[in-house]
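Scroll down for the structure; my scribbles are underneath it.
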Amino acid sequence: MDTDTREYNFAQLMVAAAAREIQNGEIIFVGMRLPLLGFLLAKSLHAPDAVGIYELGIVRDRVAPVPILTMGDLPNLYQAAWLADTADAMSLLQQGRVDVSFLGGAQVDRFGNLNTTLIGDWNGSISSLPGSGGACDLASLAQRHILVMAHEERRFVERVDYITSPGYGDGPGWRQRVGLPRGGPSTVITTLGIFHFDPVDCQMVLTSVHPGVTVKMVQDHTGWPLKIANPVQITPPPTLSELDMLAQFDPKGFWTGGPAR
Amino acid sequence: MPESKLYPLSKAVAKWIPDGASVVSCTALETCIPFAAGHEIIRQKKKDLTLIGPISDILFDQLVGAECVKMIQAAWVGNVITGLGYNYQKAVENRRIVVEHHSNFTISLALKAASMGVPFLPTRTGLGSDLFHFNPGLKTVTCPFTGHTLAAVAAITPDVALIHVQRADAMGNAHLWGSLGITREACLASRIVILTAEEIVQTEIILTDPNRVIFPGFLVTAVCHAPWGAYPSPVPGYYNRDHDYFLEYQQSSKSPENFHKWLLRHVMKVSDREKFMEQIVGNSKMADLTIKKPSFTEPVNYGY
């Protein structure tokens, strides 16, 4: 891996970090937005045999021939390995055949429960969000899932207002108790750092801060007392080859544009 | 010879989508969204509809903004590449519409249950989520064989499925290709199926490839010729997605005043889809979006 660095922004760093979570040969359920690019990046660099499944009913084992903004763009259907029903894609997930799924969210809590439905008091004043889409299914049924989201105090809360996509619920044993067959969040990638989950108490643990970010900054933007790994790593910045590849997939910077950090 | 089911879109909408109807649409999630039919519903000022769908893109947001909707049973309502659907957001926050929360899998299963003629289907998705608190059609049950907890998804039988396809004959035999989303179960579950089609073709063309037919023609009530009927969403083999339109819609739907202007210009003041494409979209945009790199299948042999 090359070690030279170039200017980059948080979106590029997050996509690169997401891509590195994908092992070669894994079956990936690809979510909307940044995960779309994370899959393409992994597939083009270290995970050429990864297979992507999309909730529209698409399976791809080749990278789309030209850049796409969303999974329903026609280049993402061109030479797909399988075009089928949403229920077919979801059934692969339900069987346990999907190694990892990716999702984004508006609000997350210490147990990795994700909310993309509504903020506020159910019976009082609420802010409405678009809802689950496939996110609830991806979080319920994959072997593991990865969250990619902006890190702000209003988003990192003690307890989410609504569980759209189940994490570890209220702690150890919850997923088994409610009947979920497997899985749970393995990693949270944010604009400030990377988190994993303590296997014993199922709480989010800060394991890596992005270059230039301090542990205190992460804590200041988090609504509960963070568990912090010792030592905390520094997230490796995106490499030149990762940045070059991203520029090919997102040439206009629609998803990964913005000023350098 | 069976009777032709060909109708002008305005007639089909007037005849089979009464106020208060439940309508499943946007079933392919991102492709083949029936915008022409949706805009005709708005022009005819339909009221109190129940909209059923997976991720629904901006058509549901437009129907909500035009005050055609009283209830939504869907997994997601917004703008795929920008996020929020502002009309939907306001209507939910002001409690003007009732929403039953689904995921893409549970809405598929609800329709599949109806399509199979059973009252519910079991699944392992969504357990522990709050979808169960906002959807009377989701309950937990105990598996009679293993004793495990499962989710039960109640069947949904829509009054009408509104589906855009590439080509159909006058009898309702149709070809649809690409990613299919929940289209198959939506059509099989619904009492009435209305197709809008890019092209109306001879029956013999449909019969050359029966695997491309995803539901039988006898289930179809009406066929409407609607070229560019899914614009700005993409239709495999016909045209690409117009991303700019989705970005512009985000801006023009932010405030009720701007949305009202948008609604007048893009829907109420155009008589039909042909005029919409001619006056609002224009030839150069249409040329931009056409398929530049065709990719045909190798023929398959259905002979005997």
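The values are calculated or read from the model by the stated rules, or taken from the named source; none is laboratory data. Being a predicted model, the structure only gives us computed values, none of them experimental. Cβ sites come from the backbone with ideal geometry, for glycine too, and all protein chains shown count toward neighbours.
For region A:75-100, which positions are within 15 Å of residue A:60 (Cβ to Cβ) and either assigned to a helix (DSSP H, G or I) or not hydrophobic (A, V, I, L, M, F, W, C) (or both)?
Answer for region A:75-100, where residues must be within 15 Å of residue A:60 (Cβ to Cβ) and either assigned to a helix (DSSP H, G or I) or not hydrophobic (A, V, I, L, M, F, W, C) (or both): A:75, A:76, A:78, A:79, A:88, A:89, A:92.
Could you identify the single residue in B:163, B:200, B:214, B:192 that is among the β-branched types (Val, Ile, Thr) and over 16 Å from the mean Cα position of the chain (by Cα)?
B:200
Restricting to region A:1-38, count the residues that are in a helix (DSSP H, G or I), under 11 Å from the mean Cα position of the chain (by Cα) and modelled with pLDDT of 95 or more.
Of the residues in region A:1-38, 5 are in a helix (DSSP H, G or I), under 11 Å from the mean Cα position of the chain (by Cα) and modelled with pLDDT of 95 or more.
Taking the options B:23, B:13, name whichever one is in a helix (DSSP H, G or I) and of a type in the set (A, V, I, L, M, F, W, C).
B:13
Can you name every residue in region B:140-169 that is surrounded by fewer than 24 Cβ atoms within 10 Å (Cβ to Cβ), within 12 Å of chain A (Cβ to nearest Cβ) and assigned to a strand (DSSP E or B)?
Within region B:140-169, B:140, B:141, B:142, B:149, B:150, B:152 meet the criteria.
What pairs come up if the first residue lies in region A:18-35 and is within 14 Å of another protein chain (Cβ to nearest Cβ), the second is acidic (Asp, Glu), and their beta carbons are under 9 Å apart, counting only those six or more places apart or on different chains?
From residues that are within 14 Å of another protein chain (Cβ to nearest Cβ), the pairs are A:29/A:55; A:29/A:99; A:29/A:137; A:30/A:55; A:31/A:55; A:32/A:55.
Go through region B:44-59 and give me each residue that's more than 14 Å from chain A (Cβ to nearest Cβ) and either touching a helix residue (DSSP H, G or I) at 6+ places or on another chain (Cβ under 6 Å) or closer than 16 Å to residue B:266 by Cβ (or both).
B:44, B:45
When only residues in region A:94-124 that are farther than 11 Å from residue A:165 by Cβ and within 8 Å of chain B (Cβ to nearest Cβ) count, which is surrounded by the most Cβ atoms within 10 Å (Cβ to Cβ)?
Filtering first and then ranking leaves A:118.
Within region B:241-303, which helices (runs of 4 or more DSSP H) (wholly inside it) include 2 or more residues that are within 23 Å of residue B:10 (Cβ to Cβ)?
Result: B:256-263, B:273-276.
What pairs come out if I take residues in region B:118-139 that are at the interface with chain A (Cβ under 10 Å from one of its Cβ atoms) and pair them with residues that are surrounded by fewer than 20 Cβ atoms within 10 Å (Cβ to Cβ) and among the small types (Gly, Ala, Ser) whose C-beta lies under 6 Å away, six or more apart or interchain?
B:127/A:179
Can you find even one residue in region A:137-150 that is outside any loop (DSSP other than H, G, I, E, B), in contact with an Asp or Glu (Cβ under 8 Å, 6 or more places away or on another chain) and closer than 14 Å to residue A:202 by Cβ?
Taking every residue of region A:137-150 in turn, at least one turns out to be outside any loop (DSSP other than H, G, I, E, B), in contact with an Asp or Glu (Cβ under 8 Å, 6 or more places away or on another chain) and closer than 14 Å to residue A:202 by Cβ.
What's the total number of residues in region B:65-98 that are farther than 22 Å from residue B:244 by Cα, of a type in the set (Val, Ile, Thr) and more than 8 Å from every other protein chain (Cβ to nearest Cβ)?
Total satisfying the criteria: 4.
Mind listing whichever residues of region A:204-218 are crowded, with 16+ Cβ neighbours inside 10 Å and in a helix (DSSP H, G or I)?
Correct list: A:218 only.
Could you tell me which of the residues B:178, B:172 is farther than 30 Å from residue B:135 by Cβ and in a loop (DSSP other than H, G, I, E, B)?
B:172
Which ones in region A:151-166 are in a loop (DSSP other than H, G, I, E, B) and out of contact with any Cys (no Cβ under 8 Å at 6 or more places or on another chain)?
A:151, A:152, A:153, A:154, A:155, A:157, A:158, A:159, A:160, A:161, A:162, A:163, listed by residue number.
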